[in-house]
Every structure is written in structure tokens, then in C-alpha cells.
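Everything below concerns the one structure shown next.
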Amino acid sequence: MQTQTISNQKPLITPFAPAGEEDRVAGVLEEIKQRLGFVPDGLRLYTLSPPLLENFVGGIAYFNGGSRLRPMLMAMIRYLVSWHSQCQFCIDMNEGFLTAMGLQLDEIRAARANPEAAPLPENEMPLLRIALKSVEHPDNVTQTDLDKARTHGWQDRDIFDAVVQAANNRAFNQVLRTFNIEYQGAFG
């Protein structure tokens, strides 16, 4: 099994709400805290740009209520994308989400080396495969991949949602890694 290295460097940037937008940011952060019980430092970084924070949180809200994809599938997509992106913050966060959903840590981690071992129902595996392929080798996603997902009952919007979940997570991973946000408490 592969392991990740955490450098524990200090963040390169300290987030703060721009002057005059403190209340706007505080409102968004309070909504996040109400939903999760805390504000992840990865989201706290976005306080530097209130419009991007609102956009990011809006995307999360969509995936939490507007998508047909189950939260476990979305968390597994984020987890495996984060593993391949070497974003320790997101690896830890999604391991926490997945264990809170009832999965065992060893079965979650087994999917790192073999996504086919992901503890998901068979009908969700085509979406997981497409999502992972889309961020690693997007030119290799084929009509056959999409057709296989469709035979498992998925609509084009579901396929699109899985790919966007993966791509958005990859971008988030890159932002966090760029500014050395490697663990919750980085801004503590």
C-alpha cells in the first residue's frame, strides 16, 4: 500500500475576509459550521475571495441535495482523486466522511491501490471509473464507458455530475497543496 508524506509546512497564506465583507463571509462560514459542526480550513482559505467562497459552497450544496449521486459515491470519488493528487487534507477529510457513513477504514484504503475494491454497489462502479479516468486520462473516456454507466441506470446528468465532482475536487486539491493546507488546524 502506498503512503503519503506530510511535510507539515506552515500555510503560505493566511485567509481573512476583505475589508467590508466580513459579515458576508461570516454568514457563509456560519452556514458551513451549522452543517458540519466546524469550518474546514480548506474552505476557510476561500474567505480571501467571498464570491469564490459562495460559489464553492453553492457547488457543495448542489451535490448534497440536487444530484442523484449518493454521498458515499461522491466521497469515494473525492477520496481517490485526493489520494492521486496527494492532498492530505482532502484524504483525511473524506476518510472521515466515509467512516462516518459506516465504512471500515481498511476497505476505504484498499481502494487506493485498486479502485475496483471500492466498497460501493456494482451499479455505482461505472461512475467511479469514469470520474477517475476523467481526471487522470480524460482523452481515454469513451462512449463505451458512458454506455456502461447508462446500462446501470445512470443518466447523462449523473455521468456529468460524477466527472464534475472529480474535476472540482482535483482543482481544490491543487489549491490546498499550493498554499500548504495539509491538515485541519493549519491556521490554528
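The values are calculated or read from the model by the stated rules, or taken from the named source; none is laboratory data. Predicted model, so just to flag it, every value in this text is computed and none were measured. Note that we place each Cβ from the backbone using ideal geometry, even for glycine, and neighbour counts take in every protein chain shown.
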note = Being of a type outside the set (A, V, I, L, M, F, W, C), at pLDDT 95 or above and closer than 19 Å to Y46 by Cα narrows N114, N140, N169 down to just N169
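Out of R78, R109, which single residue is within 19 Å of V163 (Cα to Cα), in a helix (DSSP H, G or I) and either in contact (Cβ under 8 Å) with a residue 40 or more places away in the chain or not aliphatic (A, V, I, L, M) (or both)?
Details: R109 fails: within 19 Å of V163 (Cα to Cα).
Every option except R78 fails the conditions.
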inquiry  = Taking the conditions exactly as written (closer than 27 Å to F56 by Cβ, without any contact (Cβ under 8 Å) to a residue 24 or more places away in the chain and assigned to a helix (DSSP H, G or I)), does A167 satisfy them or not?
reply    = no
message = I need every pair where a residue in region 33-57 that is more than 13 Å from A186 (Cβ to Cβ) has its Cβ under 6 Å from the Cβ of a residue that is among the β-branched types (V, I, T) and in a loop (DSSP other than H, G, I, E, B), sequence separation at least 6 or different chains.
response = K33/V39
ask   = Can you name the residue in region 4-32 that is within 27 Å of S82 (Cβ to Cβ), hydrophobic (A, V, I, L, M, F, W, C) and part of a helix (DSSP H, G or I) and, of all such residues, is modelled with the lowest pLDDT?
value = I32
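What tally of residues in region 86-100 results from selecting those that are buried (at least 20 other Cβ atoms within 10 Å of the Cβ), within 11 Å of the chain's Cα centre (by Cα) and part of a helix (DSSP H, G or I)?
Residues meeting the conditions: 5.
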